[in-house]
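Any read-out appearing in this document is the output of simple, stated calculations on the displayed coordinates, not a laboratory observation. Keep in mind it's a predicted model, so treat the numbers as computed, not measured. Don't worry about glycine lacking a Cβ; one is built from the backbone with ideal geometry, like all the others, and counts go over all protein chains shown.
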Amino acid sequence: MSLLSVDFLLFFLIIVIIYYVVSQKYRWVILLISSYYFYISWKPENIIFITLSTLVSYFIAIIISKSAFNRKKYLAVGVSFNLILLIGLKYFNFFSNSFRNFFQLFTIKFDSVFLNIVAVLGISFFTFKAISYLVDVYTKKYEPEKNIGKFALYISFFPQLMAGPIERADRFFNQLKKQKQNIQINIIKGLKIMLWGFLLKLVIADRLAITVNQIYNNIDNYQGSPLILGTYFFAFQIYCDFAGYSYIAIGAAKILGLDLMNNFLRPYLSKSIPEFWKRWHISLSSWFRDYLYIPLGGNRVKVGRWTLNIIIVFLVSGLWHGASWTFVIWGFIHGIYMIIHKLISKFKMKIIKNENNEIKNSFLKLLRIFITFHLILLAWIFFRANSVGDSIYIIKNIFVNITSTFQDIFLIIPRESILLIGALLFLVFIFQVIQERKGVINLLNKTPILFRWSLYIAIIFIILLFGQFAKNPFIYQQF
Amino acid sequence: MNKKATINYLIFLLILITLLILANYFYTAYVLTDTLLSRNEEQIEDNFRNTKILFSGGSHVMTGLSPDRIENSFNFSSLGENYAYTYYKLKYILESYDIRLNTLILPIDLQDFSSSRIKLIENEWHTNVWYWHKYINYENLKLIIKETSYLQWQTAKFFPVIGNGPSIIMKLRGSLINTDMKLGQQIRVNDFSKSDDQDKSAKFRAEWHLSNSETFDATMSDYFERILNLGKEYNLNILIVRFPVSEEYYKFSAEYLDIDEYYEKVYEITDKYDNIRILDYHDLFFDKDYFFNDPDHLNKNGADYLTDLIKKEIDM
């Protein structure tokens, strides 16, 4: 059952009604049952892995909290179990293939074993939740959850099961305990957030996907303008796709009275790469910061060690996104960006400090946004391309024959669609700028009800009329 | 929830539903009627009683055969139509209409067995449910594409406006009806020989049809056989046609598949039937680009020329 289907809307409506009808004490049971039902509706066999991860993590956390000795060993067992589950199911064939290719370079025969494994939905997300929970219990950040049902709900909570946000356990359990409910506000706020998510995903991301797929799946046929168009489109596609999912998940949780962490803060308005990582997939980047970067020593180490830490974190982050070298290189590029940024930041500070001219500062700010966006764009090429070879082809050919290939764009995408996509992206841009400055919701609340209603109805109609309702999975759902 | 707020939300919901019903009404009355599917549907209703020769298939058939040149014929094809849809349409009219068909014309072009034909349905099935639900029920659709939803099917059936915003824009821009339709044939009048960049558009079309797909998909061949069996059951003469394509298109298509091997597989199927004749016109217009609208669709002149040749075959 996709979050985008009519089936989900009906399912969700029923859950919301039951949820608010039953006593507060048992609402978590409704959420747990519906989460497992939601998960089973995708692939029933996947239930084994999420249940295993839940049970092992639950019991090991209890053991850790009760043990005076060997706590580290228990933690290692729990974390290793989740990592083995993740690596075994997601990366086994990738590593096997990579080993074979590596040995072939030295003409050594290496018999790789390939497993016929089904993709386990949401595995990258639920194993990371389980690992952060175990580490937090080990570091005594909080006590382990005694109620196994509530813990199972934390791991499987359906709005965020497929693609996050990777919620932290303490935040989640605290909210379950508090049970503060202003149903009316929750529902209205949640619906608005969901609506925005549907617009981003169904209307923009899925419409852009048609062109991006056409170009990136046949790159040998293109040079110049179509490659530029495809790369720009992908940058907006992946943002609208993933932010769209996050907003739907956050909105759905809000309707159920739970506040999930924000996952995006207008990332393409970032003025530097480190800022981008504070605004893009926040739940994952903060996870890597807390559970990998800081344990490695963070920035309280010598420059050489720090550089190594950054590279490790970004390589792992790249690999987390998918079992392919394209993702690893994407992560590596971002790691290099971070290192370069650190190296030049002192020089950059001097420039900024010497400037008091407001116009020049605004120009510098726009320039920094422009440069940061294009650095991100360069890295996205590796993220989207079907192979490393394809990425290199694109980089080599993206500026070749730009003017003579301009007309090719109209073979790929009709003029009407370009107008529509342009208008929608402009709408999103305006919303982002307003949100950055004053906050859209705050501003809307000050407008007359007629204006607000007209706007909501217009957005609903844009979704209904221009949504791509074929079942296009979310990009991050595949990770 | 306070009373005033509840009333407000109910009013909002009421306005929304009313507007949706109105939009759906206007779409059905003023936009849908201009679409090719709707016009084809209207014309078959007017003509099925006299129809003895039926042209079925996708866009190559829809643009490439002129029913006005063969008595009692009708072009019952639609853009992007694959063998599965053709099978259900044919089955429906044979079983439900008082139609006396004796000849069926089917295409066997390079993209016809490609899995991209299924992808096309997967991407677009929900936008044309208002048309397809008559011919194919939900259970049968589910056999062709797995990712469907009964609720979505029903929603799309009753609210064709959903997902069809682009056709509203086309209607407003006056570009929804930019081609005539006569006895089901979409009449295209461009001259491909005057195209600025024939190679590029041919390459793009070949890529669109054949890249990233299985060129001989099992589901498509299964439905192809079902059509042939249906023809046998109803004693139809079946003419299977390799439609003319431009030389440029053919050249680029060869980059995606082994054409000889492809047709060996097709003929393995057709050899099992004795009510079939195969007409190979794929290179008929290799040096006559002016008969094409674009790299792989005939214009009206090309369609008339081809139809006259086929008429002779039918008369033989």
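Relative to the longest principal axis of the Cα atoms of chain B, the long axis of helix B:83-96 makes an angle of roughly 80 degrees.
Among the listed pairs A:Lys189/B:Lys3; A:Lys146/A:Lys178; A:Lys43/A:Lys146; A:Lys271/A:Lys302; A:Lys43/B:Lys157, a Cα-Cα separation exceeding 21 Å is found for A:Lys43/A:Lys146; A:Lys271/A:Lys302; A:Lys43/B:Lys157. Assuming R0 = 35 Å, can you tell me the calculated FRET efficiency for the pair B:Asn301 and B:Asn50, based on Cβ-Cβ distance, to the nearest 0.05? Calculated value: 0.85. Taking a ≥ b ≥ c as the square roots of the eigenvalues of the Cα gyration tensor, an a/c ratio of 1.5 or more together with a/b no larger than b/c marks segment B:229-303 as oblate. Classified by the C-alpha gyration tensor, chain A has a rounded form. Its axis ratio a/c, with a ≥ b ≥ c, is below 1.5.
Considering only beta bridges that DSSP places wholly inside the protein assembly as shown, some 25 percent are antiparallel. Each principal axis of segment A:6-180 carries a Cα extent, and these read 67, 50, 21 Å when sorted largest first.
Using the Karplus relation 6.51 cos²θ - 1.76 cosθ + 1.60 with θ = phi - 60°, the per-residue 3J(HN,Hα) values for segment B:153-163 come to 4, 5, 4, 5, 5, 8, 10, x, 5, 5, x Hz, with x marking Gly and Pro. Taking every DSSP beta bridge that has both ends in chain B, the antiparallel portion is near 25%.
The distance between label points at B:Trp208 and B:Ile278 comes to 2.7 nm (points 7 Å beyond Cα on the Cα→Cβ vector). Computed over the Cα atoms of chain B, pair by distinct pair, the Kirkwood hydrodynamic radius stands at 20.8 angstrom.
Over the residues of chain A, the helix contribution to mean residue ellipticity at 222 nm works out to -22500 deg cm²/dmol, using -39500 (n - 2.57) for each DSSP H run of at least 4.
For B:Lys200, give me every one of the lysines with a C-alpha distance below 26 angstrom, ignoring sequence neighbours fewer than eight places off in its own chain. Of all the lysines, those that pass the test against B:Lys200 - Cα under 26 Å, at least 8 places apart if same chain - are A:Lys396, B:Lys119, B:Lys251, B:Lys288, B:Lys300. Given axes a ≥ b ≥ c from the Cα gyration tensor, I'd like to know whether segment B:58-215 is rounded (a/c under 1.5), prolate (a/b larger than b/c) or oblate. Taking the square roots of the gyration eigenvalues as a ≥ b ≥ c, segment B:58-215 is rounded.
Each listed q (0.11 Å⁻¹) maps to a log10 I(q)/I(0) for segment A:42-129 from the Debye sum over equal C-alpha point scatterers, namely -0.44. Between helix B:259-270 and chain B, what is the angle of the helix's C-alpha long axis to the longest principal axis, kept within 0 to 90° and rounded to the nearest 10? Taking Cα atoms only, the helix is inclined about 80 degrees. Considering helices alone, the calculated mean residue ellipticity of chain B at 222 nm is -15500 deg cm²/dmol, with DSSP H runs of length four and up weighted by -39500 (n - 2.57) and normalised per residue.
Our compactness index for segment A:292-443, the C-alpha radius of gyration over the empirical 2.2 N^0.38 Å, is 1.34.
Helices assigned as whole DSSP H runs in chain A whose Cα atoms extend at least 24 Å along their own long axis and whose mean Kyte-Doolittle hydropathy is 0.5 or higher are found at A:47-66, A:225-255, A:303-321, A:325-354, A:358-384, A:415-437, A:449-466. For the set A:Lys201/A:Lys278; B:Lys182/B:Lys272; A:Lys66/A:Lys177; A:Lys66/A:Lys129; B:Lys91/B:Lys311, the pairs lying more than 27 angstrom apart at their alpha carbons are B:Lys182/B:Lys272. Look at the alpha carbon pairs under 8 Å that are at least 6 residues apart: their mean separation over the length of chain A gives a relative contact order of 18 percent. Between B:Phe286 and B:Glu147, the FRET efficiency estimated from the beta carbon spacing at R0 = 41 angstrom works out to 0.55.
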